[in-house]
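Below you'll find the structure, written out as structure tokens, and then a few comments.
Coordinate-derived values only; no laboratory data. The structure displayed is predicted, hence computed values, not measured ones. FYI the Cβ positions are ideal-geometry reconstructions off the backbone, even for glycines, and counts take in every protein chain you see.
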Amino acid sequence: MKEQGKIVWQCPSNIALVKYWGKRGNQLPSNASISFVLDNAHTTTSIEYRKHSKKSSDIEIEFYFDGKLKESFSNRVLKYFEEMSTHFNFLRDYHFKIDTENNFPHSSGIASSASAMGALSLGLCNMGSMINEPLGEKDFYQKASFLARLGSGSACRSLYKGFSLWGEHKDFKNSSDEYAIPINDNIHSIYNNFKDTVLLLHKGEKEVSSSTGHELIKNHPFRDNRFQEAGKNITRLKKVLENGDLHEFIEIVEAEALMLHALMMTSSPAFILFQPNTIEVIKKVWAFRKETKSQLMFTLDAGANVHLLYPEYDEEKVVEFIKNDLLVYCENGSYIRNEIGNGPIQITT
Ligand code: PMV
């Protein structure tokens, strides 16, 4: 291992189809979730390391976001490195300069914590592989997924191409609460190049963090039913990913999005992350689907922005619909076009 060097990884964000909402223990999910990675929403993180001449007991990090020193994020990263030092004993031997940038705007309804924690954990695993024992490909990504989960739960689903599952579920033999697994075998060709256009309806910071939302599930009156429903939806989604039945796919995906927000609205205290435009767009999507018999659907994250999902063959008419009917609801007419992605890549060593 060199005394100094640089490791750069790019990791995508992901969007959940069956949602994770509620956690226990150290970032373990209360139910299994399924997502896919995006091809046009990623974080690139460079980790520059320099070995200390003397052994230090403190972890030393300089953290830059978009080229600017960012004290506020530094603390979160430092805390994460402290936790990582139980997995990587070399972290106190180096000084780190971390530079990170997203290719999509902050607060855009795309989970930047997922891509950011994914890219960081890949960099650390990469370093771990150079200093300690090298890992085979499967173990490498599994470890990165495990470590990303400790930074932000849903980040563990950003480490593979295509679709991932996180959380133990009876229908997936190798599933685990501790890391996500790729689930791309037997996926129907209708999902090839599947689209996700994110409409940026409201770019402001959300009023309630997902950590608070996860916490509120612990005493939620619908908690047990929710976990059961999520489990059933995983079983149903597995089937429709295999048989390509988009009619049922739409039913599951939209029910999951609305259930997530219904859980927020029925928490104590209650909170609402929808904006009036979110509801306007949902109604327009339903009307468009009825009128055109297309297979356009929506999903939502913990925020006001709407993800529009559709198969490749509907692209032309959906893009036309977005331009003609939906842009008026977007802040400054902004939206981001994505499709199902190929997962993380290493940029240099
Ligand atoms: O990973 P967190 O703690 O930011 O939680 C994310 C939860 C949702 O995005 C709302 C759903 C999901 O499964 O990604």
Self-check item: Cα-based helix-to-principal-axis angle, 137-151 vs the chain, degrees rounded to 10
Solution: 80
Quiz item: So what's the convex hull volume per residue for the Cα atoms of the chain, in Å³?
Solution: 134
Exercise. Could you please rank LYS239, LYS284, placing first whichever residue has the fewest other Cβ atoms within 10 Å of its Cβ?
Key: LYS239, LYS284
Exercise. Using the Kirkwood radius over Cα pairs, work out the Stokes-Einstein diffusion coefficient for region 1-116 at 20 °C and 1.002 mPa s, in µm²/s as a whole number.
Key: 134
Exercise. Among ASN324, LEU273, ALA155, pick out the residue whose Cα is farthest towards the positive end of the charge dipole of the chain, where Lys and Arg carry +1 and Asp and Glu carry -1 on C-beta, about the Cα centre.
Key: ALA155
Quiz item: How far is helix 276-292 tilted, in degrees, relative to the longest principal axis of the Cα atoms in the chain, given as a value from 0 to 90 rounded to the nearest 10?
Solution: 60
Self-check item: Size of electric dipole in the chain: Cβ of Lys, Arg +1 and of Asp, Glu -1, about Cα centre, debye, nearest 20
Solution: 560
Quiz item: Roughly how compact is region 141-200, stated as its Cα Rg over 2.2 N^0.38 Å to two decimals?
Solution: 1.23
Practice problem: Consider a paramagnetic label point 7 Å from the Cα of ASN342 along Cα→Cβ; state which residues of region 137-172 have an amide N under 13 Å from it. | Solution: 161-162
Exercise. Within 10 Å of each residue's Cβ, count the other Cβ atoms and sort TYR49, TYR160, TYR64, TYR191 from fewest upward.
Key: TYR64, TYR191, TYR49, TYR160
Quiz item: Of ALA287, LEU91, ALA32, which is farthest along the charge dipole of the chain in the positive direction, counting Lys and Arg as +1 and Asp and Glu as -1 at C-beta?
Solution: LEU91
Quiz prompt | Descending Cα extents along the principal axes, region 155-260, whole Å | solution = 39, 34, 28
Practice problem: With r as the distance between the Cβ atoms of ASN184 and GLN4 and R0 = 56 Å, compute the FRET efficiency 1/(1 + (r/R0)^6) and round to 0.05. | Solution: 0.90
Quiz prompt | Residue order, fewest to most surrounding Cβ atoms within 10 angstrom, among LEU309, LEU69, LEU327 | solution = LEU69, LEU327, LEU309
Practice problem: Write down the Kirkwood hydrodynamic radius of region 211-284, to one decimal in angstroms, obtained as one divided by the mean of 1/r over all alpha carbon pairs. | Solution: 13.7
Quiz prompt | With at most 16 neighbouring Cβ atoms within 10 Å, loop GluC sites (Glu not before Pro) (DSSP) excluded, longest segment of the chain | solution = 4-167
Self-check item: In Å, descending, principal axis extents of the Cα set of region 268-349
Solution: 48, 42, 25
Self-check item: Using a Förster distance of 56 Å, the FRET efficiency for THR292-LYS54 (Cβ separation, nearest 0.05)
Solution: 0.25
Quiz item: For region 203-349, what does the equivalent ellipsoid look like in terms of its semi-axes, each the square root of 5 times an eigenvalue of the Cα gyration tensor, given largest first in whole Å?
Solution: 26, 21, 19
Quiz item: If you put +1 on each Lys and Arg Cβ and -1 on each Asp and Glu Cβ, how big is the dipole of region 67-182 around its Cα centre, in Debye rounded to 20?
Solution: 220
Practice problem: For an R0 of 25 angstrom, estimate the FRET efficiency from the Cβ-Cβ distance between ASN243 and SER211 and round to the nearest 0.05. | Solution: 0.10
Quiz item: If you wrap a convex hull around the C-alpha atoms of region 79-177 and split its volume per residue, what is the figure in Å³?
Solution: 125
Quiz item: Restricting the count to DSSP beta bridges whose residues both fall in the chain, what percent are antiparallel, rounded to a multiple of 5?
Solution: 90
Self-check item: Rounded to 10°, Cα long-axis angle of helix 71-84 versus longest principal axis of the chain
Solution: 70
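Assign unit charges at the C-beta atoms only (+1 for Lys and Arg, -1 for Asp and Glu), then state the dipole size of region 1-112 relative to its Cα centre in Debye, rounded to the nearest 20.
280
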